[in-house]
Amino acid sequence: MTIVFWLLLVIFLGIAGLLVAFVLMQEPKQGGMSSSMGMGGGGASDFMSGRGASGGLVTLTVYGGAAFITLAIALNLIRL
C-alpha cells in the first residue's frame with residue numbers, strides 16, 4: 001500500500017509542476033481581472049476558444065487539472 005501511495009505522490013508532484021509550466025506558458029488575455037469576472041470584453045466567449053498554439057496549452061491545462069484533482073482524491077482515499 002505504501003509503494004502505491006509514494007508512486008502516486010511522485011506522479012502527483014510531477015503533474016503539479018507541469019501545471020505550473022502550462023499556466024506560465026499561456027498568453028495573457030490582456031483583459032485583467034475585470035474581464036475574467038464578466039465585466040469587460042471577452043469573458044465567457046473566450047473561454048476554451050481555439051487560439052492557435054495556446055489553445056493546445058489550454059487543453060493540456062484542463063486535462064492536467066483534472067488529473068491533479070483525481071490524484072489528490074486518490075491519495076486522500078489511500079491514506080485513510
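Name the helices (runs of 4 or more DSSP H) wholly inside the chain in which the number of residues that are modelled with pLDDT of 90 or more is 3 or more.
2-25, 53-79
Looking only at the range 1-24, how many residues end up being under 15 Å from the mean Cα position of the chain (by Cα) and either over 15 Å from PHE68 (Cα atoms) or of a type in the set (A, V, I, L, M, F, W, C) (or both)?
12
Report every pair of residues separated by at least 6 positions or lying on different chains whose Cβ atoms are under 7 Å apart, first residue within the range 1-21 and within 13 Å of ALA74 (Cα to Cα) and surrounded by 10 or more Cβ atoms within 10 Å (Cβ to Cβ), second basic (Lys, Arg) and modelled with pLDDT under 95.
Within 7 Å, the pairs are PHE5/ARG79.
The values are calculated or read from the model by the stated rules, or taken from the named source; none is laboratory data. Because the structure is a prediction, the values reported are computed rather than measured. Because the Cβ atoms are built from the backbone with ideal geometry, glycine has one as well, and the counts that use them run over all protein chains shown.
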